[in-house]
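Following: one structure in C-alpha coordinates, then a few remarks.
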Amino acid sequence: MNTTTKNKTTTSAKNNNRKAQILQALARELELNPGKKVTTANLAKAVGVSEAALYRHFPSKAKMFEALIEYSEEVVFGLIKQVLDEPGGILSKIEKIMRIVLSFSTKNPGITRILLGDALVGEHERLRKRTDQFFQRIETQLRQVLREGELQGQLKYQGNMSQFAEILSSFIEGQLSKYVRTQFKNKPDENWVAKWLFFVNSLKPSHTTR
(Lines give C-alpha, C1' and ligand atoms only; values in the text may rest on other atoms or scores of the structure.)
Protein backbone atom coordinates (compact mmCIF):
# COMPACT_ATOMS: atom_id res chain seq x y z
CA MET A 1 0.00 0.00 0.00
CA ASN A 2 1.52 3.34 -1.04
CA THR A 3 1.58 6.41 1.23
CA THR A 4 -1.31 8.19 -0.54
CA THR A 5 -3.59 5.17 -0.35
CA LYS A 6 -2.63 4.59 3.28
CA ASN A 7 -3.42 8.20 4.19
CA LYS A 8 -6.78 8.00 2.45
CA THR A 9 -7.62 4.78 4.29
CA THR A 10 -6.63 6.32 7.62
CA THR A 11 -8.70 9.44 6.94
CA SER A 12 -11.71 7.36 5.92
CA ALA A 13 -11.43 5.26 9.10
CA LYS A 14 -11.21 8.40 11.24
CA ASN A 15 -14.28 9.86 9.52
CA ASN A 16 -16.26 6.65 10.05
CA ASN A 17 -15.24 6.56 13.71
CA ARG A 18 -16.29 10.17 14.18
CA LYS A 19 -19.61 9.51 12.49
CA ALA A 20 -20.19 6.56 14.79
CA GLN A 21 -19.34 8.72 17.81
CA ILE A 22 -21.81 11.37 16.70
CA LEU A 23 -24.61 8.84 16.19
CA GLN A 24 -23.89 7.16 19.53
CA ALA A 25 -23.94 10.57 21.23
CA LEU A 26 -27.25 11.47 19.57
CA ALA A 27 -28.86 8.21 20.69
CA ARG A 28 -27.50 8.77 24.20
CA GLU A 29 -28.78 12.36 24.37
CA LEU A 30 -32.24 11.18 23.28
CA GLU A 31 -32.16 8.61 26.06
CA LEU A 32 -30.97 11.04 28.75
CA ASN A 33 -33.46 13.74 27.78
CA PRO A 34 -36.80 11.97 27.20
CA GLY A 35 -39.48 14.22 25.75
CA LYS A 36 -36.98 16.89 24.72
CA LYS A 37 -35.38 17.85 21.43
CA VAL A 38 -31.63 17.47 21.08
CA THR A 39 -29.93 20.60 19.72
CA THR A 40 -26.79 20.45 17.62
CA ALA A 41 -25.10 22.62 20.25
CA ASN A 42 -25.77 20.04 22.97
CA LEU A 43 -24.82 17.20 20.66
CA ALA A 44 -21.52 18.87 19.69
CA LYS A 45 -20.75 19.37 23.37
CA ALA A 46 -21.49 15.70 24.10
CA VAL A 47 -19.17 14.58 21.29
CA GLY A 48 -16.51 17.12 22.21
CA VAL A 49 -16.40 18.91 18.87
CA SER A 50 -17.72 22.12 17.36
CA GLU A 51 -21.09 22.36 15.59
CA ALA A 52 -19.17 22.99 12.38
CA ALA A 53 -17.40 19.66 12.87
CA LEU A 54 -20.77 17.91 13.17
CA TYR A 55 -21.89 19.32 9.84
CA ARG A 56 -18.69 18.17 8.17
CA HIS A 57 -19.84 14.61 8.81
CA PHE A 58 -23.61 15.09 8.52
CA PRO A 59 -25.13 17.97 6.47
CA SER A 60 -28.14 18.13 8.81
CA LYS A 61 -29.60 16.66 11.96
CA ALA A 62 -32.18 14.92 9.76
CA LYS A 63 -29.32 12.96 8.15
CA MET A 64 -28.20 11.86 11.61
CA PHE A 65 -31.71 10.60 12.39
CA GLU A 66 -31.83 8.89 9.01
CA ALA A 67 -28.52 7.13 9.72
CA LEU A 68 -29.91 5.77 13.01
CA ILE A 69 -33.06 4.57 11.23
CA GLU A 70 -30.87 2.79 8.67
CA TYR A 71 -28.89 1.21 11.50
CA SER A 72 -32.15 -0.04 13.05
CA GLU A 73 -33.26 -1.53 9.75
CA GLU A 74 -29.94 -3.29 9.18
CA VAL A 75 -29.85 -4.82 12.66
CA VAL A 76 -33.51 -5.76 13.06
CA PHE A 77 -34.20 -7.07 9.57
CA GLY A 78 -30.80 -8.75 9.40
CA LEU A 79 -31.69 -10.75 12.50
CA ILE A 80 -35.21 -11.45 11.21
CA LYS A 81 -33.74 -12.82 7.96
CA GLN A 82 -31.62 -15.22 9.99
CA VAL A 83 -34.74 -16.44 11.79
CA LEU A 84 -36.63 -16.94 8.53
CA ASP A 85 -33.73 -18.83 6.97
CA GLU A 86 -33.15 -21.20 9.88
CA PRO A 87 -35.14 -24.41 10.46
CA GLY A 88 -37.82 -24.38 13.13
CA GLY A 89 -41.51 -24.26 13.79
CA ILE A 90 -43.74 -21.38 12.76
CA LEU A 91 -44.63 -20.38 16.32
CA SER A 92 -40.96 -20.27 17.22
CA LYS A 93 -40.23 -17.97 14.28
CA ILE A 94 -43.05 -15.58 15.17
CA GLU A 95 -41.89 -15.46 18.77
CA LYS A 96 -38.29 -14.74 17.73
CA ILE A 97 -39.30 -11.99 15.30
CA MET A 98 -41.30 -10.20 17.97
CA ARG A 99 -38.58 -10.63 20.58
CA ILE A 100 -35.96 -9.25 18.18
CA VAL A 101 -37.84 -5.96 17.86
CA LEU A 102 -38.67 -5.69 21.56
CA SER A 103 -35.12 -6.51 22.65
CA PHE A 104 -33.64 -4.05 20.16
CA SER A 105 -35.85 -1.33 21.61
CA THR A 106 -34.92 -2.24 25.19
CA LYS A 107 -31.22 -1.94 24.33
CA ASN A 108 -31.68 1.26 22.29
CA PRO A 109 -34.09 3.59 24.12
CA GLY A 110 -32.89 6.71 22.32
CA ILE A 111 -33.38 5.13 18.91
CA THR A 112 -36.84 3.96 20.00
CA ARG A 113 -37.83 7.63 20.33
CA ILE A 114 -36.86 8.09 16.69
CA LEU A 115 -38.72 5.00 15.45
CA LEU A 116 -41.90 6.15 17.19
CA GLY A 117 -41.56 9.69 15.85
CA ASP A 118 -41.25 11.16 19.34
CA ALA A 119 -37.88 12.70 18.47
CA LEU A 120 -38.90 13.72 14.95
CA VAL A 121 -41.20 16.65 15.80
CA GLY A 122 -40.40 19.44 13.39
CA GLU A 123 -38.17 17.21 11.24
CA HIS A 124 -38.63 16.34 7.58
CA GLU A 125 -41.73 14.31 6.72
CA ARG A 126 -39.64 11.73 4.88
CA LEU A 127 -38.26 10.56 8.22
CA ARG A 128 -41.74 9.80 9.52
CA LYS A 129 -42.51 7.88 6.34
CA ARG A 130 -39.29 5.94 6.82
CA THR A 131 -40.21 4.92 10.38
CA ASP A 132 -43.72 4.02 9.24
CA GLN A 133 -42.17 1.70 6.65
CA PHE A 134 -40.07 0.12 9.42
CA PHE A 135 -43.20 -1.04 11.26
CA GLN A 136 -44.97 -1.95 8.03
CA ARG A 137 -42.09 -4.28 7.14
CA ILE A 138 -42.35 -5.97 10.53
CA GLU A 139 -46.07 -6.50 10.03
CA THR A 140 -45.45 -7.87 6.53
CA GLN A 141 -42.89 -10.36 7.83
CA LEU A 142 -45.28 -11.52 10.55
CA ARG A 143 -48.13 -11.84 8.05
CA GLN A 144 -46.04 -13.99 5.72
CA VAL A 145 -44.99 -16.35 8.51
CA LEU A 146 -48.53 -16.61 9.84
CA ARG A 147 -49.91 -17.45 6.41
CA GLU A 148 -47.19 -20.04 5.95
CA GLY A 149 -48.19 -21.62 9.25
CA GLU A 150 -51.84 -21.59 8.25
CA LEU A 151 -51.13 -23.21 4.88
CA GLN A 152 -49.03 -25.89 6.55
CA GLY A 153 -51.77 -26.56 9.06
CA GLN A 154 -49.53 -25.59 11.98
CA LEU A 155 -51.65 -22.63 13.05
CA LYS A 156 -55.34 -21.93 13.28
CA TYR A 157 -56.98 -18.61 14.09
CA GLN A 158 -60.68 -17.88 14.28
CA GLY A 159 -60.25 -14.68 12.29
CA ASN A 160 -58.11 -13.48 9.39
CA MET A 161 -54.34 -14.05 9.64
CA SER A 162 -53.68 -10.60 8.19
CA GLN A 163 -55.70 -9.14 11.04
CA PHE A 164 -53.72 -11.18 13.54
CA ALA A 165 -50.46 -9.89 12.04
CA GLU A 166 -51.80 -6.37 12.56
CA ILE A 167 -52.60 -7.23 16.19
CA LEU A 168 -49.06 -8.49 16.77
CA SER A 169 -47.58 -5.43 15.09
CA SER A 170 -49.79 -3.11 17.13
CA PHE A 171 -48.71 -4.89 20.30
CA ILE A 172 -45.06 -4.27 19.40
CA GLU A 173 -45.67 -0.58 18.75
CA GLY A 174 -47.66 -0.35 21.97
CA GLN A 175 -44.82 -1.84 24.01
CA LEU A 176 -42.34 0.59 22.46
CA SER A 177 -44.69 3.50 23.06
CA LYS A 178 -45.10 2.54 26.71
CA TYR A 179 -41.32 2.36 27.03
CA VAL A 180 -40.97 5.95 25.82
CA ARG A 181 -43.99 7.19 27.77
CA THR A 182 -42.65 5.81 31.05
CA GLN A 183 -39.24 7.36 30.34
CA PHE A 184 -37.74 3.92 29.72
CA LYS A 185 -38.89 2.34 32.98
CA ASN A 186 -41.24 -0.29 31.45
CA LYS A 187 -39.04 -2.32 29.14
CA PRO A 188 -40.70 -3.69 25.97
CA ASP A 189 -39.51 -7.25 26.57
CA GLU A 190 -40.46 -7.28 30.25
CA ASN A 191 -42.59 -10.31 31.30
CA TRP A 192 -42.32 -11.50 27.71
CA VAL A 193 -43.05 -15.18 28.41
CA ALA A 194 -46.47 -14.43 29.93
CA LYS A 195 -47.37 -12.06 27.11
CA TRP A 196 -46.26 -14.52 24.46
CA LEU A 197 -48.39 -17.29 25.97
CA PHE A 198 -51.46 -15.11 25.41
CA PHE A 199 -50.73 -15.02 21.68
CA VAL A 200 -49.94 -18.73 21.58
CA ASN A 201 -53.35 -19.51 23.09
CA SER A 202 -55.02 -17.21 20.57
CA LEU A 203 -53.42 -19.03 17.65
CA LYS A 204 -54.50 -22.50 18.78
CA PRO A 205 -51.72 -24.50 17.08
CA SER A 206 -53.01 -27.77 15.70
CA HIS A 207 -49.85 -29.55 16.89
CA THR A 208 -46.60 -28.72 18.60
CA THR A 209 -44.41 -26.38 16.51
CA ARG A 210 -41.72 -25.43 19.01
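Which residues, counting only those in the range 157-192, are touching a helix residue (DSSP H, G or I) at 6+ places or on another chain (Cβ under 7 Å) and over 20 Å from Leu32 (Cα atoms)?
Residues satisfying the conditions are Tyr157, Met161, Ser162, Phe164, Ala165, Glu166, Leu168, Ser169, Ile172, Glu173, Asp189, Trp192.
Limited to the range 40-61, what total is found for residues that are of a type in the set (A, V, I, L, M), in a helix (DSSP H, G or I) and within 16 Å of Asn15 (Cα to Cα)? First the steps, then the outcome.
So in the range 40-61, the residues of a type in the set (A, V, I, L, M) come out as 41, 43-44, 46-47, 49, 52-54.
Those left that are additionally in a helix (DSSP H, G or I): 41, 43-44, 46-47, 52-54.
Narrowing further to those that are within 16 Å of Asn15 (Cα to Cα): 44, 47, 52-54.
Adding up the residues that qualify gives 5.
Do you know which of the residues in the range 107-134 that are among the β-branched types (Val, Ile, Thr) and closer than 12 Å to Lys37 by Cα is surrounded by the fewest Cβ atoms within 10 Å (Cβ to Cβ)?
Looking at residues that are among the β-branched types (Val, Ile, Thr) and closer than 12 Å to Lys37 by Cα, I get Val121.
Kindly indicate whether Arg137 is closer than 23 Å to Phe184 by Cβ and within 14 Å of the chain's Cα centre (by Cα).
Values: closer than 23 Å to Phe184 by Cβ: no; within 14 Å of the chain's Cα centre (by Cα): yes.
Answer is no for this residue.
Of all residues in the range 147-168, how many are in a helix (DSSP H, G or I), under 21 Å from Gln82 (Cβ atoms) and over 21 Å from the mean Cα position of the chain (by Cα)?
So in the range 147-168, the residues in a helix (DSSP H, G or I) come out as 147-151, 161-168.
Going one step further and asking which of them are under 21 Å from Gln82 (Cβ atoms), we end up with 147-149, 165, 168.
Right, trim to over 21 Å from the mean Cα position of the chain (by Cα) and you get 147-149.
The number of residues fulfilling the criteria is 3.
For the range 33-50, which residues satisfy the criterion of being without any contact (Cβ under 8 Å) to a residue 12 or more places away in the chain and either under 23 Å from Arg126 (Cα atoms) or surrounded by fewer than 14 Cβ atoms within 10 Å (Cβ to Cβ) (or both)?
Correct list: Lys36, Thr39, Ala41, Gly48, Ser50.
Return the residues of the range 172-199 that are assigned to a helix (DSSP H, G or I) and under 15 Å from Leu115 (Cβ atoms); say none if nothing qualifies.
Of everything in the range 172-199, those that are assigned to a helix (DSSP H, G or I) and under 15 Å from Leu115 (Cβ atoms) turn out to be Ile172, Glu173, Gly174, Gln175, Leu176, Ser177, Lys178, Tyr179, Val180, Arg181.
With Ile100, Ile111 as the choices, which residue is in a helix (DSSP H, G or I) and either assigned by TED's automatic domain parsing to the domain that holds Thr39 or in contact (Cβ under 8 Å) with a residue 60 or more places away in the chain (or both)?
The unique qualifying residue is Ile111.
Residues being over 25 Å from Glu148 (Cα atoms), free of Cβ contacts under 8 Å to residues at least 40 places away in the same chain and basic (Lys, Arg): count how many of those fall in the range 159-200.
Counting residues in the range 159-200 that are over 25 Å from Glu148 (Cα atoms), free of Cβ contacts under 8 Å to residues at least 40 places away in the same chain and basic (Lys, Arg) gives 3.
The values are calculated or read from the model by the stated rules, or taken from the named source; none is laboratory data. Just so it is clear, the structure is predicted and the values come from calculations on it, not from any experiment. Heads up, the Cβs are rebuilt from the backbone with ideal geometry, glycines too, and the neighbour counts pull from every protein chain shown.
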